[in-house]
1. Any chance you could run the full-extension gain for LYS5 through LYS32? It's 0.36 nm times the residue separation minus the Cα-Cα distance, nm to one decimal.
2. How would you order 214-223, 159-168 from highest to lowest mean count of nearby Cβ atoms within 10 Å?
3. With runs of 4+ DSSP H residues as the only contributors, calculate the mean residue ellipticity of the chain at 222 nm using -39,500 (n - 2.57) per run, divided by the residue total and rounded to the nearest 500.
4. Given the peptides 226-239, 251-264, 88-101, arrange them by the average over their residues of other C-beta atoms within 10 Å, most packed first.
5. Quick check: pseudo-label points 7 Å beyond the Cα along Cα→Cβ at LYS86 and TYR197, how many nm apart are they?
6. Quick check on the stretch 38-284: what does the Kirkwood estimate of hydrodynamic radius come out to from the alpha carbon pairs, in Å?
7. Quick one: which of LYS5/LYS86; LYS10/LYS279; LYS10/LYS106; LYS138/LYS221; LYS86/LYS138 span more than 24 angstrom between C-alpha atoms?
8. State whether the stretch 1-82 is rounded, prolate or oblate according to the following rule on the C-alpha gyration tensor (a ≥ b ≥ c being the square roots of its eigenvalues): a/c under 1.5 gives rounded; otherwise a/b larger than b/c gives prolate, and the remaining case gives oblate.
Amino acid sequence: MKFGKPTSNKELESIDLSLPPDHPDTAKNLGKGKNPVKVYVGCAKWGRKEWVGLIYPEKTKDKDFLDHYVKNFNGIEMNTTFYSIKKENVENWASRAPEGFSFSPKFSRNISHLKRLNEDAKRFTDYFLDAAHAFGDKLGPSFLQMPDNFAPKYLDRLADYIKDIPGDFPMFVELRHTDWFTDPTAYDETFSMLEEYGRGAVITDVATRRDVVHQRLTSTKAFVRFNGYDFHPTDFTRLDEWVERIKTWIDSGLEELYFYAHQEDETNTPKTCDYIIEKLNYQCGLNLQRPNFQ
């Protein structure tokens, strides 16, 4: 993930990477939780040759990567669907994943970046929703990532778009323009709108944009995109703090967590997931599967 990337370790070490405190609405919304928490941890893709001999057996062919990925993780953030999604592919992927696995497809760039939620995005939206529904009971929340220059002046357009998405289709929105978080009026209006429509805001943990690590939950669900920096020591201090925060959320009523890791060197991504899975299992009393390193 290039977004929020520091230019050097020196810059990275100069940044306060601690998590901000929870917004008051977080406790309020978590208090509505009634069900035991479900936690999904994974990567952003399965098609990585670097994982052959790491979590995929030696000589694994590209076409078999997914079959081995689902043996190591219980969820995936699907960046590939930003570029292309076909119903027949979705049906194939879903058929190869076990019960309880969760796919979180990214909305098409035709919707978010090219049409920017305008009226002519509708046909692309209908196509995306139809294809995504083919995941069946393995469909996790999709996420709509808006471009950096999509500002709060488009709040009404965002609200109208979200309103038209069927209520039973789970989704989160990832906002990147700084004004969504630094303009108090826009911030409150946006999160109130998301809460009204039962949607959430993606929490994006990157080094140089600490505003997007907002800690404001609008429901009993959370979606976190964590970007590490090739096992710099701050990766582990940040993950440790995330475990503490997640435990607080679980104790307060969190029902679903989707935590997806990114690394500059993809070889390190399964190890990042393993680190937080081990910590979550120990500190939160969970029993998440850990990746099986070869």
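1. Residue separation times 0.36 nm, minus the Cα-Cα distance, leaves 6.2 nm.
2. So the order, starting with the most tightly packed, is 214-223, 159-168.
3. -10500 deg cm²/dmol
4. By packing density, highest mean first, the sequence is 251-264, 226-239, 88-101.
5. Inter-label distance under the simple model: 3.0 nm.
6. Over the stretch 38-284, the inverse of the mean reciprocal pair distance is 18.7 Å.
7. With Cα atoms farther than 24 Å apart: LYS5/LYS86; LYS10/LYS279; LYS10/LYS106.
8. It comes out oblate by the Cα gyration axes.
Any read-out appearing in this document is the output of simple, stated calculations on the displayed coordinates, not a laboratory observation. The structure presented is a predicted model; accordingly, all values stated were derived computationally and were not measured. Heads up, the Cβs are rebuilt from the backbone with ideal geometry, glycines too, and the neighbour counts pull from every protein chain shown.
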